[in-house]
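Trainee: I have a structure here, written as structure tokens, and I will follow up with some questions on it.
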Amino acid sequence: MLDVLTQVAQLALNGIMTGAVLAMPAIGFTLLYAVLGFPNFAVSGHLAVGAFAGWILNTHYGWPLWAVVPFGFIAAGVLGVATQRVVVEPLRGAASITLAIASVAVALLIENALRFGFGNTLRSYDLPLARDVTIGALRFGPQQMQTAAVAIVVMLLLFALLRYTRLGRAIRATADNASLAAVKGIDTVAIARLVAFVGMGLAGASGVLLGADTAIDPLIGFRLVLAVFAAAVVGGLGSIPGAVLGALVIGIAEEVSTIVLPSDYKSAVGFLLILLFLTFRPRGLLGERRN
Amino acid sequence: MEVRDVVAGYGASDEILKGVSLAVGERELVCIIGPNGAGKSTLLKVVAGLLRPRRGTVAFAGNVLTGAPPRQIARAGVAYVAQEQNVFPSLTVRENLLVGSYLHPASAEQRCRSMMERFPVLRERKDRAARTLSGGQRQTLAVAAALMAEPRMLVLDEPSAGLSPKVTEELFATLAGIRAQGVSILMVEQNALAALAVADRAYIFVLGRNEREGAAAAIAADPEIRRVFLGG
């Protein structure tokens, strides 16, 4: 009995760590959705760009992880602004499904450009090996704990920015009603670009953290994007605390499902949760009811 | 504010305004009345910069603003209040007021306090999300948020829509007070008799063209206009 409980606890812990990895791109995804009004699946390509930008600095120039994470953020963020200007802005006024499909095209373009440049082989960051931390019968990966801490700090900073600053109010106002925000004197185009920078930047930074924990290849984001989408839907599209909560729910559900399901099927849990939430609670756990 | 020969519509072949003109002087309250489809709200969208006219000019305080983005029009001192969706539902009442003063951040907090003194109904609900307000409270918030921008001119689309007669009366009294403080007002209003009672001048639009214009009192007293446009 104790063994089973330990196994469940370890799986739940692994789930929290998986959720921590998902939380940052999910925050980016949900922020982009709130302001731009469509699910931007290009986060997967931007995540991969961040991971590769970080990998180059780390393995070719010896930069440590703490310096590489902001660089991954900036590289993906700058690319995010470029795709916003080149792809999203010309499609202004198009239906959200059109924009969502365009974002899939952007993701494919970026991922294939990376394949062209770097090939499909797995690559690892050059980081000192760290032992797992053991408390009782439970093991924690130090890299995953670091990722969880970064995700929590990012969430708190973004939450504070959005809640307590003039810029944050302008972002939330634009998310609520862009034409009303423009009438109030807010430069909504600049706000959308800033959000593209931050949202895609978060995906890029999480690409670095993911790469530091496992290994990277051009499809690193593609494999994660369903779970990221599921986390945002479960938490409530547009809600930042919701994205973190959704990421934890998806992470724990995926890991705990391996008790009864072969682990190959654990990504189906994300699909199942999307289906359940869209059917029974479309606004997710913390999403706001829209007028 | 001077609007001259404006032609505008939403689709490529759609022409709602077929060449309308109007003028609003300083400290003047002007209302536009007319049947549905006359293009009243469309004209206000052109004035606010939300719809680019195909022809004609919009000028304010000597500056030509035709086709300028809403942000530039707001900077020029024009505050627009739409008929619906005129507050940010997920922002609190206080946040809505602060966003109203986005172009004047230095004085925003102080103006927010004085606005809440002026409209106690907003002070009592300052930390509540705007989506929880009643129709009248929401309309009051929309007007107050527009005033936060310290506008020289207020442009209002059907401010009394959905409001009870008592709240409408209070709203029009508030508008008269705002005008008395030096703010020009251009207003489209379905409640034509009540609007004419507070307005200085009025325009009647029919099918995207100017039909009549004149002093509000004269328009309200004209038996022909009363019969055709004011329901007797």
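Trainee: Would you be able to say whether some residue in segment A:69-77 is surrounded by 18 or more Cβ atoms within 10 Å (Cβ to Cβ), over 30 Å from residue B:95 (Cβ atoms) and not hydrophobic (A, V, I, L, M, F, W, C)?
Mentor: Yes, segment A:69-77 contains at least one residue that is surrounded by 18 or more Cβ atoms within 10 Å (Cβ to Cβ), over 30 Å from residue B:95 (Cβ atoms) and not hydrophobic (A, V, I, L, M, F, W, C).
Trainee: Let me ask something else. What residue, among those in segment B:69-81 that are buried (at least 22 other Cβ atoms within 10 Å of the Cβ) and either more than 7 Å from chain A (Cβ to nearest Cβ) or over 17 Å from residue B:3 (Cα atoms) (or both), is nearest to the chain's Cα centre (by Cα)?
Mentor: Residues of segment B:69-81 that are buried (at least 22 other Cβ atoms within 10 Å of the Cβ), as a first pass: B:70, B:73-74, B:78-81.
Next, from what is left, pick out any that are either more than 7 Å from chain A (Cβ to nearest Cβ) or over 17 Å from residue B:3 (Cα atoms) (or both): B:73, B:78-79, B:81.
On the way: B:73: 14, B:78: 10, B:79: 8, B:81: 5 Å.
Selected residue: B:81.
Trainee: Return yes or no: is residue B:193 in contact with a helix residue (DSSP H, G or I) (Cβ under 6 Å, 6 or more places away or on another chain) and surrounded by fewer than 18 Cβ atoms within 10 Å (Cβ to Cβ)?
Mentor: Details: in contact with a helix residue (DSSP H, G or I) (Cβ under 6 Å, 6 or more places away or on another chain): no; surrounded by fewer than 18 Cβ atoms within 10 Å (Cβ to Cβ): yes.
No, not satisfied.
Trainee: Taking residue A:152 and the conditions (1) at pLDDT 95 or above; (2) hydrophobic (A, V, I, L, M, F, W, C); (3) closer than 22 Å to residue A:212 by Cα, which numbered condition does it fall short on, given that it satisfies the others?
Mentor: Unmet condition: (1).
Trainee: On the given criteria, is residue B:136 within 24 Å of residue B:19 (Cα to Cα) and in contact (Cβ under 8 Å) with a residue 12 or more places away in the chain? Quick ask: steps written out before the conclusion?
Mentor: On the way: within 24 Å of residue B:19 (Cα to Cα): no; in contact (Cβ under 8 Å) with a residue 12 or more places away in the chain: yes.
In short, no.
Trainee: Of everything in segment B:177-197, what is farther than 21 Å from residue B:39 by Cα and more than 14 Å from the chain's Cα centre (by Cα)? Give them in sequence order.
Mentor: B:177, B:180, B:181, B:182, B:197, listed by residue number.
Trainee: Just the residues that are among the β-branched types (Val, Ile, Thr) and more than 10 Å from every other protein chain (Cβ to nearest Cβ), please, taken from segment A:176-195. Before the answer, list the steps.
Mentor: Here is the first cut: in segment A:176-195, the residues among the β-branched types (Val, Ile, Thr) are A:183, A:186, A:188-189, A:191, A:195.
Within segment A:176-195, A:191, A:195 meet the criteria.
Trainee: Just one of the numbered conditions (1) open to solvent by 60 Å² or more (accessible area, probe 1.4 Å); (2) in the same structural domain as residue B:61 (by TED's automatic domain parsing); (3) among the charged types (D, E, K, R) is not true of residue B:118; which one?
Mentor: Evaluating residue B:118 over (1) open to solvent by 60 Å² or more (accessible area, probe 1.4 Å); (2) in the same structural domain as residue B:61 (by TED's automatic domain parsing); (3) among the charged types (D, E, K, R) leaves (2) as the failure.
Trainee: Checking the conditions here, which among A:35, A:43, A:86 is open to solvent by less than 30 Å² (accessible area, probe 1.4 Å) and more than 11 Å from the chain's Cα centre (by Cα)?
Mentor: A:35
Trainee: Looking only at segment A:98-119, decide whether some residue is assigned to a loop (DSSP other than H, G, I, E, B) and closer than 18 Å to residue A:59 by Cα. I'd like the intermediate steps shown before the answer.
Mentor: The initial filter retains those residues of segment A:98-119 that are assigned to a loop (DSSP other than H, G, I, E, B), namely A:119.
With closer than 18 Å to residue A:59 by Cα added as a condition, the list becomes A:119.
Yes.
Trainee: Also: Those residues that are within 13 Å of another protein chain (Cβ to nearest Cβ), within 22 Å of residue B:166 (Cβ to Cβ) and part of a helix (DSSP H, G or I), I need them from segment B:100-141; list them, please.
Mentor: Once the filter is applied, which keeps residues that are within 13 Å of another protein chain (Cβ to nearest Cβ), within 22 Å of residue B:166 (Cβ to Cβ) and part of a helix (DSSP H, G or I), segment B:100-141 yields B:130, B:132, B:135, B:138, B:141.
Trainee: When you look at residue A:148, is it farther than 30 Å from residue B:78 by Cβ and open to solvent by less than 30 Å² (accessible area, probe 1.4 Å), yes or no?
Mentor: Numbers: farther than 30 Å from residue B:78 by Cβ: yes; open to solvent by less than 30 Å² (accessible area, probe 1.4 Å): yes.
Here the answer is yes, as residue A:148 does meet what is asked.
Trainee: Residue B:37 - would you say it is assigned to a loop (DSSP other than H, G, I, E, B) and free of Cβ contacts under 8 Å to residues at least 24 places away in the same chain? Give the derivation first.
Mentor: Numbers: assigned to a loop (DSSP other than H, G, I, E, B): yes; free of Cβ contacts under 8 Å to residues at least 24 places away in the same chain: no.
Here the answer is no, as residue B:37 does not meet what is asked.
Trainee: Identify the residue in segment B:34-52 that is open to solvent by 10 Å² or more (accessible area, probe 1.4 Å) and of a type in the set (A, V, I, L, M, F, W, C) and, among all such residues, is farthest from the other protein chains (Cβ to nearest Cβ).
Mentor: Out of the qualifying residues, it is B:51.
Trainee: Also, I was wondering about something else. Collect the residues in segment A:238-291 that are within 27 Å of residue A:159 (Cβ to Cβ), free of Cβ contacts under 8 Å to residues at least 12 places away in the same chain and of a type in the set (D, E, K, R), keeping them in residue-number order.
Mentor: A:281, A:289, A:290 - these are the residues of segment A:238-291 that are within 27 Å of residue A:159 (Cβ to Cβ), free of Cβ contacts under 8 Å to residues at least 12 places away in the same chain and of a type in the set (D, E, K, R).
Trainee: Take the conditions farther than 21 Å from residue B:142 by Cα and either open to solvent by 50 Å² or more (accessible area, probe 1.4 Å) or not aromatic (Phe, Trp, Tyr) (or both) and apply them to residue B:224. Does it pass?
Mentor: Values: farther than 21 Å from residue B:142 by Cα: yes; either open to solvent by 50 Å² or more (accessible area, probe 1.4 Å) or not aromatic (Phe, Trp, Tyr) (or both): yes.
Against the criterion (farther than 21 Å from residue B:142 by Cα and either open to solvent by 50 Å² or more (accessible area, probe 1.4 Å) or not aromatic (Phe, Trp, Tyr) (or both)), residue B:224 qualifies.
Trainee: At negative phi, without any contact (Cβ under 8 Å) to a residue 12 or more places away in the chain, open to solvent by 20 Å² or more (accessible area, probe 1.4 Å) and assigned to a helix (DSSP H, G or I), is that true of residue A:56? Please lay out each step first, then the result.
Mentor: On the way: at negative phi: yes; without any contact (Cβ under 8 Å) to a residue 12 or more places away in the chain: yes; open to solvent by 20 Å² or more (accessible area, probe 1.4 Å): yes; assigned to a helix (DSSP H, G or I): yes.
Spelling it out, residue A:56 is indeed at negative phi, without any contact (Cβ under 8 Å) to a residue 12 or more places away in the chain, open to solvent by 20 Å² or more (accessible area, probe 1.4 Å) and assigned to a helix (DSSP H, G or I).
Trainee: If a residue has to be within 14 Å of chain B (Cβ to nearest Cβ) and out of contact with any helix residue (DSSP H, G or I) (no Cβ under 6 Å at 6 or more places or on another chain) to count, how many in segment A:233-286 make the cut?
Mentor: Narrowing segment A:233-286 to residues within 14 Å of chain B (Cβ to nearest Cβ): A:236-242, A:283, A:286.
Pick out the ones that are also out of contact with any helix residue (DSSP H, G or I) (no Cβ under 6 Å at 6 or more places or on another chain) and you get A:239, A:241, A:283.
Result for segment A:233-286: 3.
The values are calculated or read from the model by the stated rules, or taken from the named source; none is laboratory data. The structure presented is a predicted model; accordingly, all values stated were derived computationally and were not measured. FYI the Cβ positions are ideal-geometry reconstructions off the backbone, even for glycines, and counts take in every protein chain you see. For accessibility, only protein heavy atoms count, side chains too; no ligands or nucleic acids. Shrake-Rupley method; radii C 1.70, N 1.55, O 1.52, S 1.80 Å.
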